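Read the figures in this text as sums done on the coordinates, not as results from a lab. From a predicted model like this one, the values you see are computed outputs, not experimental measurements. Because the Cβ atoms are built from the backbone with ideal geometry, glycine has one as well, and the counts that use them run over all protein chains shown.
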Amino acid sequence: MVDGVNRGWYVAMSLLDYERTADLGYAIAGTLLNDMIEDARERGLFDSHLDTRMAELIAETEIARTIHYYVTWMQDQGKTPNFEACMCKLLGYESIQHVAEFGEELYKHYGILTEKSSLAPIYGRIASCYLRSFGHSVEAGTSEIDRDVIAQRGLGLPRLR
């Protein structure tokens, strides 16, 4: 028996607080974005609209990284991240999707090519990250659940469901 009789649900939920911070979504998004920026500059693909979106994504991936570091610090201090872990997962994995969508916009039809195509920019990582991002949104609790936890436990809002 772990923790006590009729406490299994709470044990499982506390484990999710740590599982949500195990993957490094911010690092995947940031690395992909940096590689796309470098490649797109070499190809001369940027215009003012894309520059603005790129700057927004740089900020988004940095926020995701900062939240991840904060949650890691909390764990190091013996604190249990709760809604913070949900923020970490949500921001990290949504950043991957946003960066991949930017790649598809930047490279047009070439952005959807997989690693099997010699024409795929950045070895097909854009398409791979985009397709995988949907799986990330349901792992360790869906993005909707993450938002509910952030609203209820982080902001003190009432339960809606």
Inset, instruction - Any chance you could give the angle, 0 to 90 degrees and rounded to 10, that helix 8-19 forms with the longest Cα principal axis of the chain? - result: 30
Inset, instruction - Quote the charge dipole size of the chain about the Cα centre in Debye, to the nearest 20; the model charges only the Cβ of Lys and Arg (+1) and of Asp and Glu (-1). - result: 440
Inset, instruction - Using just the helices of the chain, give the 222 nm mean residue ellipticity in deg cm²/dmol: DSSP H runs with n ≥ 4 each add -39,500 (n - 2.57), and the total is spread over all residues, rounded to 500. - result: -21500 deg cm²/dmol
Inset, instruction - Would you be so kind as to identify which of ALA59, PHE46, MET74 lies farthest towards the positive end of the dipole of the range 1-81, taking Lys and Arg as +1 and Asp and Glu as -1 on Cβ and the Cα centre as origin? - result: MET74
Inset, instruction - Calculate how steeply helix 125-136 sits against the longest principal axis of the alpha-carbon atoms of the chain, using the helix alpha-carbon long axis, and give the answer as 0 to 90 degrees to the nearest 10. - result: 20
Legend entry - Sparse-neighbourhood loop sites, GluC sites (Glu not before Pro) in the range 8-87 - DSSP loop, at most 11 other Cβ within 10 angstrom: none
Legend entry - Pairwise Cα inverse-distance average, inverted: Kirkwood Rh of the range 8-154 (Å): 16.0
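Could you tally the net charge around GLY124, taking each other residue with its Cβ under 11 Å from the Cβ of GLY124, Lys/Arg +1 and Asp/Glu -1?
+1
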Inset, instruction - May I ask which residue of GLY8, THR114, TYR130 lies farthest towards the positive end of the charge dipole of the range 8-154, with charges of +1 (Lys, Arg) and -1 (Asp, Glu) on Cβ and the Cα centre as origin? - result: GLY8
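From largest to smallest, what semi-axes in whole angstrom does the range 1-82 give when each is the square root of 5 times an eigenvalue of its alpha carbon gyration tensor?
Values for the range 1-82, descending: 40, 11, 10 Å.
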Legend entry - Distance between modelled label sites at HIS49 and SER14, nm, 7 Å Cα→Cβ extension: 5.1
